1. Do any residues in the range 587-616 that are in contact (Cβ under 8 Å) with a residue 60 or more places away in the chain and under 14 Å from Leu316 (Cα atoms) have Cβ atoms under 9 Å from those of residues that are in a loop (DSSP other than H, G, I, E, B) and open to solvent by 60 Å² or more (accessible area, probe 1.4 Å), where the two are at least six apart or on different chains, and which pairs are they?
2. How many residues, within the range 410-437, are modelled with pLDDT of 95 or more and either among the aromatic types (Phe, Trp, Tyr) or within 23 Å of Thr510 (Cβ to Cβ) (or both)?
3. Taking Leu171 and the conditions (1) hydrophobic (A, V, I, L, M, F, W, C); (2) under 26 Å from Ser546 (Cα atoms); (3) open to solvent by less than 10 Å² (accessible area, probe 1.4 Å), which numbered condition does it fall short on, given that it satisfies the others?
4. Looking at (1) at pLDDT 50 or above; (2) of a type outside the set (Asp, Glu); (3) assigned to a loop (DSSP other than H, G, I, E, B), which is the one condition that is false for Val370?
5. Restricting attention to the range 213-261, and to residues there that are of a type in the set (D, E, K, R) and assigned to a helix (DSSP H, G or I), which single residue is nearest to Gly657 (Cα to Cα)?
6. Got a sec? Which of Leu81, Leu93, Leu105 is closer than 24 Å to Arg511 by Cα and open to solvent by 10 Å² or more (accessible area, probe 1.4 Å)?
7. Quick check: is even one residue across the range 447-456 more than 30 Å from Phe300 (Cβ to Cβ) and either modelled with pLDDT of 95 or more or out of contact with any Ser or Thr (no Cβ under 8 Å at 6 or more places or on another chain) (or both)?
8. Go through the range 129-149 and report how many residues are of a type in the set (D, E, K, R) and part of a loop (DSSP other than H, G, I, E, B).
Amino acid sequence: MGRVDERLQSDKVRSAVPSTGQSTDASEVTLARAVTPRALAIGTLLIIAIDFWNIHTETVARASRVNITQFPVSFVAFFALIVLVVNPVLTALRRRWALASGEMLVILGMGLIGSLIPSYGLTSILIGMLATPFYHASPENQWDIYFLDHIPLWLAPRNTDFALTHLFEGLPPGASIPWGVWVVPLFWWGTLIAAVVAFSLGIAVILRRQWAEHERLVYPLLKPAIALTEQPHPGAFWADIVLTRLFWAGFALAVGISVWNYLSSAHSGIFSMVPPPPRILWPGQWFYLDRYMPPIWTVFNLYTFGFGYFVDQDILLSFWVFNLLLTAEIGLFRRVGYQIGGDTGILGYIGGSSLWGNAETAWQCFGALVFLVLGGLYVARRHLADVVRKALRPDHPLDDAGDMLSCRTAVLCVIGGLAYTFFWFHAAGLEYRMLIPYLFALLITYIGVTRFVAEGGVLYAFTPMSPQEFMVRINGTASTTASSMTFLTFSFILCSNRKGFLLPPLAQVTRLGGLLRGPGRRLFVAVALAILVAFIVSILMTLYMSYTYGASNFRDYPLTRYPPSLFNRTLTLVKSYAETDPEHFMFLGIGAGVMALLTYLRYRFPWWPLHPIGLPIAGTEARTSIVSIIVVWGIKSVLLWAGGVVLYRRGIPFFVGLIAGYSIAALLGHLADQVWFSGQGHYIHGW
């Protein structure tokens with residue numbers, strides 16, 4: 001079971017061609033044999049299926065939230081079906097039809113990127129934010145006074161011929177979807193998104209060698225999926241890990257618990273005369289350690305539990321220790337009646353950013369995040385200098401042939417993407433003096449969340465604080481123009497609900513590219529195709545569903561509820577005339593200082609048990625997973641104590657099966673909802 005770690009460390013896949021019963025020469029293992037037409041076709045179909053499930057479950061089905069994590073259930077379910085069903089069928093029909101390990105990695109990368117674009121990722125937020133101001137504006141909320149005059153014609157559609165009214169309330173009989181009203185705004189937002197993707201991809205390519213080879217980050221979220229892509233031995237239909245009893249034990253346990261809990265939730269519709277069966281595991285309740293402390297969410301999430309097995313022990317320990325310390329700190333502040341700004345209930349909640357509505361801990365964790373990112377870039381300074389030299393002088397010895405982009409192209413993507421974004425932001429209304437600070441905060445959140453994923457394996461990886469709140473505090477609303485405040489509200493589109501937009505999945509895909517031999521440029525085709533297909537398909541599906549059924553009838557939070565709440569919060573900020581408060585920067589500095597101390601202790605004393613990254617992670621929505629993290633940390637501790645690494649590796653198949661079974665059970669629950677509970681789905685997976 002150690003082959004997964006070996007593949008991540010060796011940067012080579014020695015089984016990336018279809019098995020024919022003959023030995024495979026390592027020189028034959030190239031990206032040319034991985035990025036094949038059928039791999040691209042299957043990846044495209046996978047993205048379409050994932051987009052449909054994501055959008056349908058949030059709109060019509062009203063069921064689980066399947067893409068709120070950095071490794072969505074919607075993707076894992078379909079990918080597991082390809083591994084467990086589709087590929088064995090192809091193998092049985094004709095051996096040479098079987099998908100190679102390299103092709104599976106390409107499909108894995110395409111599906112991962114495509115699954116993070118619909119709904120919570122981008123498109124539901126995009127459509128909702130563009131449609132909200134001119135539909136929801138009224139004399140009562142005063143949006144017409146504070147916002148509408150500052151929205152350029154090209155930035156958002158108007159309610160011409162009730163185009164937006166029909167989006168939220170449904171088309172009248174015989175009417176057609178007004179596609180034309182969306183063309184101009186979506187075109188210009190599309191150019192911005194392309195620029196952000198360009199500089200994000202450039203950053204991901206530049207940092208891959210530093211993170212994967214120099215710092216040897218293990219990318220924990222990729223490990224279970226990579227384990228499933230191992231090439232089967234001749235005569236076998238599945239990889240070795242799937243053939244173990246432990247895999248199917250974990251699979252059966254996850255499916256069994258999910259089906260039982262589904263029946264418990266759906267009993268009134270199926271067995272109305274029979275008492276409901278009790279749910280297995282904690283259903284999720286708030287537990288108070290003290291009346292002054294914020295509550296702890298006690299839900300046990302099998303999905304988090306499964307992935308947590310692949311995260312380093314010191315990171316698991318650090319997460320829950322810092323989470324409890326922050327909880328105690330909040331309780332202390334509340335007990336003595338201390339709070340910064342005096343209005344954290346408003347300013348501390350813009351975009352749902354602050355930890356438990358507490359600005360002190362949010363700014364501390366954001367300060368820790370700033371140190372994590374800037375400190376990481378300082379550590380990488382020699383590598384970054386080599387990248388720049390290679391971009392200027394192609395004869396530099398740094399080998400970039402295996403990367404998705406050459407060093408020169410990656411640097412140009414970063415510079416060109418940031419330059420276009422800079423001027424686009426200004427054209428949309430952001431003042432010149434705020435452009436550099438906002439881009440700085442945006443990049444900190446993008447790179448920081450990506451580090452959470454690459455090193456910490458955090459499923460629910462979010463930034464502790466939104467870049468918009470950072471801007472509001474360093475500038476104050478009293479001296480910020482109305483056009484800038486309006487733009488900052490729209491700019492939440494680029495935050496993916498503070499998940500780092502597309503940089504985290506792009507970084508993971510570039511890591512997958514490092515596992516294959518040969519020129520990495522071919523992988524760029526798969527990435528570009530995945531992003532383009534996912535964006536177009538999810539936009540069309542979202543608009544079609546909205547106009548057909550009426551978006552106001554949906555439970556889709558990023559489409560219908562999130563955008564109005566952002567405009568209302570921004571309006572409250574504008575009316576508050578808030579000034580810059582130095583106390584916020586004090587806590588920002590405290591967080592950075594504590595992070596610096598933790599980093600020193602970790603590298604100075606080998607016995608130091610706490611990993612610095614646990615501090616900023618503890619200030620995010622990952623806190624909802626604390627029970628699952630504590631349990632998996634305890635189990636891993638016992639296994640490592642009793643049998644060391646050997647016993648730990650023996651347990652890997654169980655947890656891979658647990659993840660696959662849980663994801664497929666979520667898909668089966670969605671299908672059952674469509675048969676028996678159409679429009680009244682059941683919440684199987686979520687926070």
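The values are calculated or read from the model by the stated rules, or taken from the named source; none is laboratory data. No experiment lies behind these values; they were computed from the predicted model shown. Cβ placement follows ideal geometry from the backbone for every residue including glycine, while neighbour counts extend to all protein chains displayed. In case anyone asks, the SASA skips ligands and DNA or RNA and just uses the protein heavy atoms, side chains included. Shrake-Rupley method; radii C 1.70, N 1.55, O 1.52, S 1.80 Å.
1. Filtered contacts from the range 587-616: His611/Asp312.
2. 16
3. It is condition (3) that Leu171 fails.
4. Condition (3) is where Val370 drops out.
5. Here is the first cut: in the range 213-261, the ones of a type in the set (D, E, K, R) are 213, 215-216, 223, 230, 240, 245.
Okay, now just the ones that are also assigned to a helix (DSSP H, G or I), so 213, 223, 245.
Working: Glu213: 29, Lys223: 12, Arg245: 10 Å.
The extreme case among them is Arg245.
6. Numbers: Leu93 fails: closer than 24 Å to Arg511 by Cα; Leu105 fails: open to solvent by 10 Å² or more (accessible area, probe 1.4 Å).
Testing whether each residue is closer than 24 Å to Arg511 by Cα and open to solvent by 10 Å² or more (accessible area, probe 1.4 Å) leaves just Leu81.
7. Here is the first cut: in the range 447-456, the residues more than 30 Å from Phe300 (Cβ to Cβ) are 447.
Checking which are either modelled with pLDDT of 95 or more or out of contact with any Ser or Thr (no Cβ under 8 Å at 6 or more places or on another chain) (or both) leaves us with 447.
Yes, there is a match, as at least one residue in the range 447-456 is more than 30 Å from Phe300 (Cβ to Cβ) and either modelled with pLDDT of 95 or more or out of contact with any Ser or Thr (no Cβ under 8 Å at 6 or more places or on another chain) (or both).
8. Filtering the range 129-149 down to residues of a type in the set (D, E, K, R) leaves 140, 144, 149.
Of the ones still in play, those that are also part of a loop (DSSP other than H, G, I, E, B) are 140.
Count: 1.
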